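This report concerns only the one structure given below.
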Amino acid sequence: MGALYTSAAFWEYAKAQVAYADILLAKHSELALSLCRCGRLHPCDDRQHWLRMRAHFGRFLVEQRYSSEVQQPHPPNPTRSDPSRPDDLA
Ligand SMILES: [Zn+2]
């Protein structure tokens with residue numbers, strides 16, 4: 001009962017799913033050229049499945065992170081190197 005998508009419980013669930021997907025993706029990483037660690041062709045069915053799961057649940061984590069803590073690693077304005085900039089601020 002309650003909004004599933006906005007609840008903290010769902011965020012925790014999504015975070016757990018992403019963490020679990022990361023573990024599975026590590027197990028199904030590329031061992032050699034076009035060879036998964038599980039012995040099948042890379043990317044194998046498991047890897048493709050968990051990549052989808054990770055993208056699906058990771059989306060919610062990103063949206064939550066953007067809405068909760070708004071901090072930009074880079075300043076929005078790049079360094080202006082205009083030599084003929086008027087000093088209009090007295
Ligand atoms: Zn695999």
Worksheet item: All other residues with a Cβ under 10 Å from the Cβ of residue 38 taken together, and with Lys, Arg as +1 and Asp, Glu as -1, what is their net charge?
Response: +2
Worksheet entry | Cα pair distances of the stretch 14-68 binned at 5 Å [whole percent] | 5, 23, 24, 19, 12, 9, 5, 3, 1
Worksheet item: In nm, to one decimal, how far is the residue 26 label point from the residue 46 one, both placed 7 Å along Cα→Cβ?
Response: 1.4 nm
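Values in this text are rule-based calculations from the coordinates and carry no lab data. The structure presented is a predicted model; accordingly, all values stated were derived computationally and were not measured. With ideal geometry, Cβ positions are generated from the backbone for all residues, glycine too; neighbour counts draw on all protein chains shown.
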